Each structure stands twice: as structure tokens, then as C-alpha cells.
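Following: one structure in C-alpha cells, then a few remarks.
The values are calculated or read from the model by the stated rules, or taken from the named source; none is laboratory data. These numbers were taken from a predicted model, which means no experiment stands behind them. Here the Cβ is made from the backbone with ideal geometry for all residues, glycine too, and neighbour counts use every protein chain on show. We work out accessible area using only protein heavy atoms, side chains counted, and drop any ligands, DNA or RNA first. Shrake-Rupley method; radii C 1.70, N 1.55, O 1.52, S 1.80 Å.
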Amino acid sequence: MTLILGLETSCDETAAAVVDERLAVRSNVVATQFDLHERYAGVVPEIASRAHLEKLTPVVTEALAQAGVTPRDLSAIAVGHRPGLVGSLIVGVAAAKALAWSLDLPLVGVDHVEAHLSAASLRGPGCEDPKSGAQNTNPIPIPEPRVLYPALGLVVSGGHTSLYRIHAPRQLERLGGTIDDAIGEAFDKAAVILGLGYPGGPRIDALARRGDPQRFALPRPTLDKHSLDFSFSGLKTALLYAVRGHPVGRGKDAAFQRDHTDHDEQTLADFAAGFQAAAVDTVTEKLRRALHLTQESHGVSPWAKPPRSLILGGGVSANSLLRKRVQEFADHHQLACHLPAMDFCVDNAAMIAGHAHALLADGDTHGLDLPVVATTRA
Ligand code: KG4
Ligand code: ZN
């Protein structure tokens, strides 16, 4: 049995997990820092790094205990080392190096964004079946069908909105990405505009269920006709003006006409539903374009073989409307659809350990000089 301990500290979740070579998740422990960042409505890097330092050791201890293993049972230590907040990444990477060195185990550095695309292949005993939505009460995980390649991959998170053509495992070609706010960031900022607090995505998702998405027409920013890039800042500003009115006056004297407290609950729910529908429409439009453009060219190289699957990952893949629409899109285009189980959408270490199995199998391990990297275009 090959057991990998994964560590994840790239942003504001301190996480550790143990995953075996069948990608069955033996434990998945996540300590969130929401309470520390809520009053700032966003992640404060220095606070995040200090919290990782405090939480990582108990989180690792808990992950080993829940998996029922000791450090001696492990085959490798994996860690997300890029991209992310440098101060946060350093904590996880230093801990992973110390563990790998002291236990004489291979160290595997994992790209966080690529790991999000592995999340849909993970299975844990408590996970729901993404197809039926039923909770698996059996201690044996429901096996996820193997991903058929080539595939279309989409990472939608707080830091990324990235679209990939995936030729084979670990062979990613980036087709497009955000030119301003990531989609999760836009959800979080929209939640601030609506007075919902942080983290915004799940709160908008919940409120939108009671709202009418048609009441407020918000733009679907799709950029020029053939672009596979994303832009969400215009949608966010459109929501700001719809909720608070156009600012009156200029410069320091500019003032909004109203704020979210001037709207009743139903109106706020209608804004949330309108925003969510616009964001999701934008994403599905880009998926449609990616399939179409890569069939017909338009400056994008055509698929060597038609795509067979669609893989979704990242925190926003927990969004109920997005999951529904992506599944419908895949069904319509006869693509196998791989959605991560809810436990593996937002940042977690199971996806790091799961992705590391593919790297370890290829002999792709790292030395103790493994760097942390703030940004990647991969
Ligand atoms: O993947 P993730 O945990 O962190 C990054 O790698 O950035 O994604 C976090 C993002 C946040 O912006 C959060 O608001 C968003 O995922 N999110 C959601 C939902 N759950 C989390 N956005 C929309 N709907 C949700 N249900
Ligand atoms: Zn992430």
C-alpha cells in the first residue's frame, strides 16, 4: 500500500490528508481561518502565515490519527508549493521538508491548480456520489470512473479561473484564464456588496436559491468573440451600481445613493441570483467556445482527437448552479463529467496527496531545495 501524507497551506486553509494509491482518502483534515479574516472581508497574508504555523502540527497529527497510521507507514510527503501566498506556502513546505528528511521519505512538490483538477478523482468514505448526490455510507469509497483523455479542464477558485485542454495525465495546455478578478474573488466581493460577509461564495449560493435571476439583468462579460479568457470585474461593478446606484459627485466627494441595507431581503436574494446566473453563464459560454474553437480553429490549435471528458475543480465548483449547468453541458456534448465531491472542492490536502501519487509513480520527486513560488501560468 502506498500512502502519501499531503500538506496544504497556500492560502487560508491549514490542511493535511492521507491518500492511498487507489485515490481513496483515508483522512482529510482542514482547519479554516475564516474567523481570523472575516472582519477584513478577505485574507490578510501575515495573519494567514502565523495561523498556519500554529495549526499545522495539530492538523498533521489529527490526519495521521484519523487515517489510523503512524509516520512509519507513509511512502512519501507531498506539499503544495505553488502558486499561493509566499509566507503561507513557506510554512507547509518547511514542514514537509522536515518530515521527509527525518523519515527518509521522498518529497513531492505539487502545483495547487493542477491538484484542483485531481480532486474529482478522489473518493472518501463519507463522500457523496457526484452523479446521484447520495451520501455513501459504506466505508468503501465509490470508485470514480477513470478519466478518459483528451479532456477539457476548468479550475474555478478564489485565485484562479483557468481553462485547459488536457491531452493526457499531467499534459496540460492552458487555453485561457482571468484577466482581472478570479471568479471566486468576484463572488466574495459581490457578497461584500450585498452585506453577506466572508467567505462570500457559499453565502451567495444559499441566498440565490430564494432569488429570481431574471429580475436584474447583469452583463455576461465574454470579451471579444473568440477569447477564451475571463473577466469578472465588470460584472462586479455592474452589481455594485445596481445595488448602491451610480455614485454622485467626483473624487473624495463621491457618494453612493444607497447601500444594501436599503433593500428588502427578497431584493437582495434577486441580486444574488442575478449575479450568480451571470457568472455561471459566462463560464459555460467559455466551455462552449473552447469546444467549438478547438474544433474549428480560429487561432487555437484543433483537438488531435475529440475531447472525451470534462473535469471541474476549485472552490467555486461547490456552487450548486455551476455544478448543474456543467453537468448539463457535458451531457449535451456527450462528455464524461468529473465533478469533485463537495469535501474536495475548496482547498484541501487530499487533492495534494492524490495528485502526488501520479508524480511519485513517474519518479517526479524533489530535493530539499524545493522552492515556493507565488504565481504560475500552468
Ligand atoms: O479553491 P479555493 O478554496 O481557494 C483557492 O484556491 O483560491 O476557493 C475558494 C473560493 C472562495 O472565493 C469561495 O467564495 C468560493 O471558492 N466558493 C464558492 C462556493 N464555495 C466556495 N463560490 C460559489 N459558490 C459556492 N458554493
Ligand atoms: Zn485552491
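Of note:
- Two-decimal log10 I(q)/I(0) for the chain, as the Debye equation yields it once each C-alpha is a single scatterer, q = 0.11 Å⁻¹: -0.78
- Using a probe radius of 1.4 angstrom, the carbon and sulfur fraction of the accessible surface of the chain is 54%.
- With a Förster radius of 35 Å applied to the beta-carbon distance between residue 22 and residue 246, the computed FRET efficiency rounds to 0.05.
- Positive-end extreme of charge dipole, region 273-371 - chosen from 337, 365, 352 (charges on Cβ): 337
- Computed from point charges on the beta carbon alone (+1 for Lys and Arg, -1 for Asp and Glu), the dipole magnitude for the chain about its Cα centre is near 740 Debye.
- Tilt relative to the chain, helix 86-103 - C-alpha long axis, 0 to 90 degrees, to 10: 10
- Calculated mean residue ellipticity at 222 nm for the chain: -12000 deg cm²/dmol, from DSSP H runs with n ≥ 4 weighted as -39500 (n - 2.57), summed, divided by the residue count and rounded to 500.
- Out-of-range pairs (alpha-carbon distance over 27 Å; input 225/305; 252/286; 236/324; 189/252; 55/97): 252/286
- Contact order relative to length of the chain, as percent, for alpha carbon pairs under 8 angstrom and 6 or more apart: 23
- Working from label points 7 Å from Cα in the Cα-to-Cβ sense, the residue 104 to residue 168 distance is 3.5 nm.
- Compared with the alpha-carbon gap, the fully stretched path from residue 253 to residue 32 is longer by 75.7 nm at 0.36 nm per residue.
- Of the peptides 6-14, 201-209, 247-255, the ranking by mean beta-carbon count within 10 Å, highest at the top, reads 6-14, 201-209, 247-255.
- Taking region 328-354 and a reference point 7 angstrom along Cα→Cβ of residue 284, the backbone N atoms nearer than 11 Å belong to 328-332.
- Each of 256, 148, 25 was placed along the dipole of the chain (beta-carbon charges, centred on the mean Cα), and the one lying farthest toward the positive end is 148.
- Based on protein heavy atoms only, the chain ends up with 43 Å² per residue of surface accessible to a 1.4 Å probe.
- Farthest toward the positive end of the dipole of the chain, out of 246, 51, 75, is the Cα of 246, where the dipole comes from beta carbon charges about the Cα centre.
- Dipole in debye (nearest 20) - region 245-378, about Cα centre, beta carbon charges: Lys, Arg +1; Asp, Glu -1: 480
- Region 22-130: trypsin sites (Lys or Arg not before Pro) in DSSP loop, at most 16 other beta carbons within 10 Å: 22
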